[in-house]
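Before any comments, here is the structure.
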Amino acid sequence: EEMAKAPEEVEAEIVDLADAVRVALRKAESSGLRGRALIEVTTGVEPKVMATRTNIVQIALNLLANAIQRAASREGGQGVVRVTTAMLGDIAVLDVSDNGPLMGADQMEAVFKPFGVGGRLQGAGVGLAISKRIAEELGGELEVSAVDDKETRFRLTLPPATNGKRRA
């Protein structure tokens, strides 16, 4: 007989990353997060991935919340968060970068640990750890890097949705 599915194991579906970003932005707005930084969204390409919509929206929202928090704590000048969806070769990509305080290598190392940076819960602490785990379960990755010593970029990469062909 078929094993009962755990509640979070909802059937995977084809999810449009750009659409998930739009949903996450609306959620960020309704939770009052959005006004704290300027958000620039570029979703010219709309990559499709196999996942549950809830999971992808959750990752996008966690990355947004984290970036907005970081951009808002910038010393002087306008905090900016840039959100981009793209295809790199055949990999679906969601980039969320912010111009908040730059992270050191040790912070980047720690940022995905549940109580990450500074050992105390910093809003996005658990969210980033969960996001990374979800990304890996979906066969993708979530990484952080510094861009031109000006921005911190969180990059979600996922295998693209194949037309009807499921990878086991």
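Scalar couplings 3J(HN,Hα) for segment 43-57, obtained by applying the Karplus form with A = 6.51, B = -1.76, C = 1.60 to θ = phi - 60°, are 10, x, 9, 10, x, 9, 10, 8, 5, 9, 4, 4, 4, 5, 4 Hz; x denotes Gly and Pro.
Taking the protein heavy atoms of segment 19-118 in the context of the full set of protein chains, the accessible area attributed to carbon and sulfur is 53 percent at 1.4 Å. Measuring with a 1.4 angstrom probe and ignoring ligands and nucleic acids, Lys27 comes out at about 100 Å² accessible.
The values are calculated or read from the model by the stated rules, or taken from the named source; none is laboratory data. From a predicted model like this one, the values you see are computed outputs, not experimental measurements. Surface areas here come from the heavy atoms of the whole protein model, side chains and all, with no ligands, DNA or RNA. Shrake-Rupley method; radii C 1.70, N 1.55, O 1.52, S 1.80 Å.
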